[in-house]
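Data first, discussion second: the structure below is written as structure tokens.
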């Protein structure tokens, strides 16, 4: 009798679990549709309304005028050209450097391998906006530290010789930012590749360079192409660097032009034209995202690692070992150390001082005292903390439900929320902010102008990343663990708390830290949704840099943001290592 009672209890627990799972699945699906579908619909709606100087719901008719203005303007083709040159140049340069680093670290006997890996990944600690500010201080043609030094050393006069306010300047700075992430994407491909074909080429008399060109790179091509397409999407959406280095010289790309149309100085916003460009950006990003997915799906055809005889062999660099290491050190010098020092010096030196011993003698911490006592910065810090905690916690909880729905449930259409969430991956932050602004200016939800609309924007932006992280965690957790618990009569809630949660917690924590770090440093969405009273630290930095022209104070804010970002990046990296070690 007791055995039958136990079985009956197990069946009841399983039925209750299924009921709760269905409810959780419905909640997750509705939440993602609300977060992603609502703003996208509003953006499409706005693009076909006559909204040149009006909000979408204030317009009285539908029209294709906005798209006619987009394609009928010669300025649009210059805009598309700038965007293509910037994105392609950034990806080409950063990919070449990242592939070189991956080859050196994974396939050669480069000295101090751990140190080299740290130097390559170090630029991840610099927020893009802060990196852009640093290079303005270093290479602006008038009084950039590097230009002043070069003019003095070479006996030159006037401006230059370097000019960071240009497309080449934008490409160089953005490429430095992209290198670490691209390295992470492709280094594993180098590490896992079987060397049988390479060894056969060497035995046939082929040299190292010929083997690399004819054997190694063709085998790695799908992975490299996939990384290139993904970061082409990221380059198209990048806002901070084009804003800092392009807008002062009237060089616009799609992201900065959309921002300009909504925030015109001395004129009314052109919401209709902004929506038209935004829809084109969404379509372009969606096409590239689909192409990226197909490229990733084909990579199994090029698998070169099997379960037999995997013996990585390192290529001897010989007398070039120290030369190559010196090259990596130079990369670190200009990618991290010089920009970091430039921002610090600007924050402690008098406003128009150059770098010299007399100037260093009068260095002070006045800007940091001002920073700590400024009521606006105190409010911005409080807003940033609340937004970051809310975004990271809420988005990861939703991402956990979305991932469960996609991986665990047997519901029809279970992958739709996950696919819809992935749409936000290729949508520029500026476009996400614009769509959310349109939605909540018209919706009867009184959150426009508050910090909560920024948190919603961040959640919309990051949900795809969270669902990827948690999907991986669920795939590593066998369903039998939960079913055995239910069969034993354990309730759904206790099963979740006692079995599932501890096993997926490391991945949840890693995703939470990543979102917290990016919520602090990101500029695009908070800038599009800014109002009096909801400014974040990144927005205060933007306003101080562009409108107050108080460069020492802006540099002090940048230093604080940089240190916070570096600390959080370290925590994310450390948690990632913990997750990997746990999964071994």
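The values are calculated or read from the model by the stated rules, or taken from the named source; none is laboratory data. Just so it is clear, the structure is predicted and the values come from calculations on it, not from any experiment. Every residue, glycine as well, gets a Cβ built from its backbone with ideal geometry; the counts of neighbours run over all protein chains shown.
Inside the range 460-494, residues that are assigned to a helix (DSSP H, G or I) and modelled with pLDDT under 70 make up a count of 11.
Determine if the range 536-547 includes at least one residue that is in contact with a helix residue (DSSP H, G or I) (Cβ under 6 Å, 6 or more places away or on another chain), modelled with pLDDT of 90 or more, buried (at least 22 other Cβ atoms within 10 Å of the Cβ) and assigned to a loop (DSSP other than H, G, I, E, B). Yes, the conditions are met somewhere in the range 536-547.
Only a single item in (1) modelled with pLDDT of 90 or more; (2) exposed (fewer than 13 other Cβ atoms within 10 Å of the Cβ) is not met by residue 342, and it is number (2).
Against the condition touching a residue at least 12 places away in the same chain (Cβ under 8 Å) and over 26 Å from the mean Cα position of the chain (by Cα), how does residue 371 come out, does it pass?
Working: touching a residue at least 12 places away in the same chain (Cβ under 8 Å): yes; over 26 Å from the mean Cα position of the chain (by Cα): yes.
Here the answer is yes, as residue 371 does meet what is asked.
Please verify whether residue 512 is without any contact (Cβ under 8 Å) to a residue 60 or more places away in the chain and either more than 20 Å from the chain's Cα centre (by Cα) or at negative phi (or both), treating the condition exactly as stated. Answer is no for this residue.
Working only within the range 79-108, note down all residues that are within 15 Å of residue 320 (Cα to Cα), in contact (Cβ under 8 Å) with a residue 60 or more places away in the chain and not in a strand (DSSP E or B). Across the range 79-108, the qualifying residues are 101, 103, 104, 105, 107.
Residue by residue, here is whether (1) in a loop (DSSP other than H, G, I, E, B); (2) in contact with a helix residue (DSSP H, G or I) (Cβ under 7 Å, 6 or more places away or on another chain); (3) more than 19 Å from residue 454 (Cα to Cα); (4) modelled with pLDDT of 90 or more holds:
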residue	(1), (2), (3), (4)
380	no, yes, no, yes
386	no, yes, no, yes
411	yes, yes, yes, no
417	no, yes, yes, no
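Could you pull out the residue among 443, 455 that is over 15 Å from the mean Cα position of the chain (by Cα), over 21 Å from residue 405 (Cβ atoms) and modelled with pLDDT of 90 or more? Full working, then the answer.
Details: 443 fails: modelled with pLDDT of 90 or more.
Just one listed residue meets the conditions, 455.
Looking at 63, 83, 74, just one residue is surrounded by 13 or more Cβ atoms within 10 Å (Cβ to Cβ), modelled with pLDDT of 80 or more and over 24 Å from residue 442 (Cα atoms), and that residue is 83.
If I filter the range 354-363 for residues that are touching a helix residue (DSSP H, G or I) at 6+ places or on another chain (Cβ under 9 Å) and in contact (Cβ under 8 Å) with a residue 60 or more places away in the chain, do I get at least one hit? Within the range 354-363 (the criterion being touching a helix residue (DSSP H, G or I) at 6+ places or on another chain (Cβ under 9 Å) and in contact (Cβ under 8 Å) with a residue 60 or more places away in the chain), the answer is yes, since at least one residue qualifies. Just to check your reading of the model, which residue among 572, 578, 560 is assigned to a helix (DSSP H, G or I), modelled with pLDDT under 70 and within 24 Å of the chain's Cα centre (by Cα)? None of the other options fit; the residue is 578.
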